[in-house]
Every structure is written in C-alpha cells, then in structure tokens.
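Enquirer: Quick one: the structure is below, and I'll ask about it shortly.
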Amino acid sequence: MPFGRRIAREKKTITAMMAIYCRDHHPGPKGLCVECVSLLDYAHRRLDTCPFQEEKPACNLCEVHCYSALMRERVREVMRYSGPRMLWPHPILSLGHILDKLRPAPQLKKATRGQTNKTPSDTTPE
Ligand code: SF4
Ligand SMILES: [Zn+2]
C-alpha cells in the first residue's frame, strides 16, 4: 500500500525523535539500540495501518487509540524528551508536529472503523 506525504512525514518525525532519544539514553555503537529499533518499528506499523492516513490527527487527539498502553507510554516518553530538542536539527519536522497538534481531529467514518487494529487495552501516544 503506498503511503502519502503525511504518513511519510510522521515516519521521519518519529525516526528523528527516536534517534535523539536513543543517542542520549542508550549510548553505544552507531545507530539505534535493539529496544529503540523495536519501538520505532511498532510506531511505523501503527502509521502504516492508521485508518486516517492523510487526514491523520495528532495521536493524542485520536478517537481510535491504536497503541497498547505500554507502547503509548514509551513513545510519549520519547516525544517528551525529543520534542523540545527537535527544533534546531529538524525545524520543518518540528513545526509540522506542532501544527498537527493544533488541528482538530477528524471523525472516523463508520466504513473504515472495522479496518483498525484496535484492541481493548489499546490507547494512544502523544
Ligand atoms: S493513535 Fe490514531 S492517529 Fe495515531 S496512528 Fe493510531 S489510529 Fe492513527
Ligand atoms: Zn535506544
């Protein structure tokens, strides 16, 4: 399934945030540690299956809540740390992320509601 600019940008944003977080919390060989690779892969898969795609709201405003509680907390921790550190190295991604939070969340159409991967324990990141 081809992805649009919105999802591609979100993937770049979370990838950049994970790189900042991992660099400062898990020093080691170049690149992300195994734990952060796993978290990034999870976040990318959420984006791949996000029912809103190009209309995607900020995840904290979303009515679907497709993240597990544990993963939500982990991604929120990454965003809390890396968000303020994004502006200098990634000003465009940073601005896009801020604007996304100001945009009202769309309603999920009934036709697409059944296509999500929501589970009862699922919740959403920032
Ligand atoms: S929480 Fe909502 S907006 Fe975020 S990826 Fe999941 S379904 Fe999409
Ligand atoms: Zn790491």
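Enquirer: According to a simple spin-label model (label point 7 Å from Cα along Cα-to-Cβ), what is the distance in nm between residue 54 and residue 69?
Expert: Output for this residue pair reads 3.7 nm.
Enquirer: Can you work out ³J(HN,Hα) from phi for every residue in segment 42-51, in order, using Karplus 6.51 cos²θ - 1.76 cosθ + 1.60 and θ = phi - 60°, giving whole Hz and x for Gly and Pro?
Expert: 4, 5, 5, 5, 4, 5, 4, 9, 4, x
Enquirer: Still on this structure, I have one more. 5 Å is the cut-off here: which amide hydrogens, built 1.01 Å from N in the peptide plane, fall below it relative to residue 68, excluding neighbours closer than 5 in sequence?
Expert: 123
Enquirer: What would the Debye equation give as log₁₀ I(q)/I(0) for segment 28-72 at q = 0.16, 0.18, 0.23 Å⁻¹, counting only Cα atoms as equal point scatterers?
Expert: -0.50, -0.60, -0.84
Enquirer: Follow-up. At a Förster radius of 30 Å, what calculated FRET efficiency corresponds to the Cβ-Cβ distance of residue 44 and residue 88, to the nearest 0.05?
Expert: The pair residue 44/residue 88 has a calculated efficiency of 0.80.
Enquirer: Which shape class applies to segment 25-108: rounded if a/c is under 1.5, otherwise prolate when a/b exceeds b/c and oblate if not, where a ≥ b ≥ c are the square roots of the Cα gyration tensor eigenvalues? Please list the in-between numbers first.
Expert: On the way: a/c = 2.13, a/b = 1.34, b/c = 1.59.
Oblate is the answer for segment 25-108, as a/c is 1.5 or above yet b/c matches or exceeds a/b.
Values in this text are rule-based calculations from the coordinates and carry no lab data. Keep in mind it's a predicted model, so treat the numbers as computed, not measured. FYI the Cβ positions are ideal-geometry reconstructions off the backbone, even for glycines, and counts take in every protein chain you see.
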